[in-house]
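Right, one structure below, let's go through it.
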Amino acid sequence: MEATHQHRSERVWRRGEHVPELDGLRGLAILVVTLYRFGKGFPEETVIGKWIGFVLSHGDRGVDLFFVLSGFLITGILIDGKDRPHYFRNFIARRSLRIFPLYFCTLAAIVIGASLFPELAEMFALPLSNQFYLWTYLVNVKMSFENEWCFGRLDHFWSLAVEEHFYLVWPFILYQLRSTLTLRVAIGLAILSAVSRVGYVLATQHGVAADVLTIFRVDSLLIGAAVAVMARRPKGLEPFKKWLPIAFLSCVSVVVMAMVLNKGLFTLTHTLWPVIWACILVWLMTASPSEGLARFFNLSGLRSLGKYSYAMYVFQNPLIALVSTVLTASTFTAVTGDAVTSHLGYLGVMFALTYFAAVASWYLLERHFLKLKRYFPSG
């Protein structure tokens, strides 16, 4: 016990252990995404409003953090369980138990609700007319071919499709690779994804596919995968720490410039943001639990958000539609008379509703399926 405690005190991450700080990092991801989702259309008539709206408008980059974390955690699970029996069966079963119950129950609730209430059928008319792509995790493929966001209040399911495609393909690639090649393949595929996306943008003047199609967005997941591979080398991530400040500051400088100038840089930022998140991930995993970064991501509030982040993400957009009949930012404005204060109030109420809905989902649905994971042990 003493040796374990001593080893744990040296750094946050240790192979084979649950890392609470990573829950906090996931909590940060859902925090910024939720603020982005409910902060859309923030009033910018005042200087304060402009600055708040500017910050909130970039909260969608939390999705990149989700991708990096998924790539890191899933790749780690696959590497650690590579020599165990039932490699594919256990991985697919565990992922299914985590993802499918909430996802398909949400779709079923919308379909059934729409058949009973005309108001719901109107609210979700777009996704209901494209059900096939929702049930088969092809939302992003449909969007790419149509070159438009065509699922209404379920547009955000594109990212769930990207992750599902990664979960289906990456385990088979990883299983065939020798350990010495894994890092090269992960980095090589990430570069190929980014380059192909830039090429697509140059050829098409930036269609929707550049933002949602799996082959164009998988670089984020592969960057996380590369970190997982490096973490499992004999010296771990320590040799890479000296390069972190250069990589981090370089990427942040370009990203800030792009934000200020309102330039997409031919989707280069789609790759730079994941690199920024990966730098923070490496810093966190090589930090001592007593360091400020580790203490921040170990905050109970952030870890709680991380625990319920999946349901929060799924529920955000549908809740906007469902609540709109009784509550909008304009409702608050009628009471306060101030647009900025009203929108902040609306944002806070919607955040709380999403959180409590996610907590209810966890206790009523998700955790019961997760208990079945014991029949499918991982690495």
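Taking neighbour counts of Cβ atoms within 10 Å as a proxy for exposure, in what order, fewest first, do Ser220, Ser361 appear?
If I rank by nearby Cβ atoms, fewest first, I get Ser361, Ser220.
Suppose the chain between Val47 and Ser179 were pulled fully straight at 0.36 nm per residue; how much longer would it get relative to their current alpha carbon spacing?
Taking Val47 through Ser179 to full extension adds about 42.2 nm, to one decimal.
Can you give me the C-alpha center-to-center distance between region 219-239 and region 309-323, rounded to a whole angstrom?
Centre-to-centre distance over Cα atoms comes out at 32 Å.
Under 22 Å between alpha carbons: how many lysine pairs meet that in the chain, if sequence neighbours fewer than 8 apart on the same chain are excluded?
For the chain, qualifying lysine pairs total 7.
Be a star and scan region 7-44 for residues whose amide nitrogen sits under 15 Å from the point 7 Å along the Cα-to-Cβ vector of Ser330.
Under 15 Å, as judged by backbone N against the label point of Ser330, lie 41-43 of region 7-44.
In nm, to one decimal, how far is the Ser253 label point from the Cys105 one, both placed 7 Å along Cα→Cβ?
Rounded to a tenth, the inter-label distance reads 4.9 nm.
Working from Cα positions, state the angle (0 to 90°, nearest 10) between the long axis of helix 214-231 and the longest principal axis of the chain.
Rounded to the nearest ten degrees, it is 40.
Only Cα pairs under 8 Å and at least 6 apart count here; give the relative contact order of the chain as a rounded whole percent.
Averaging sequence separation for qualifying contacts and normalising by length gives 32 percent for the chain.
What is the dipole size for region 17-375, taken about its Cα centre, with +1 at each Lys and Arg Cβ and -1 at each Asp and Glu Cβ, in debye to the nearest 20?
About 1380 debye.
Hey, can you rank 176-183, 269-276, 287-294, 64-71 by average C-beta count inside 10 Å, highest first? Don't jump to the answer; show the numbers that get you there.
Details: 176-183: 12.8, 269-276: 23.0, 287-294: 14.5, 64-71: 25.6.
Listed from highest to lowest mean packing, they are 64-71, 269-276, 287-294, 176-183.
Working out 0.36 nm times the residue gap between Leu261 and Leu73, then minus their Cα-Cα distance, what length gain in nm do you get to one decimal?
Details: separation 188, 0.36 × 188 = 67.68 nm, distance 3.44 nm.
Gain on stretching Leu261 to Leu73: 64.2 nm.
Below 12 angstrom from the Cβ of Leu102, what's the summed charge of the other residues (Lys, Arg +1; Asp, Glu -1)?
+1
What is the order of Cys105, Cys150, fewest Cβ neighbours within 10 Å to most?
With the fewest neighbours first, Cys105, Cys150 line up as Cys105, Cys150.
Could you check the spin-label model distance between Ser378 and Arg84? Points 7 Å from the Cα along Cα→Cβ, value in nm.
Distance between the two pseudo-spin positions: 0.9 nm.
Rule-based calculations on the coordinates, nothing more; no lab input. Here the structure is a predicted model, which is why all the values come from computation and not from measurement. Positions of Cβ are generated from backbone atoms using ideal geometry, with glycine treated the same way; all protein chains shown enter the neighbour counts.
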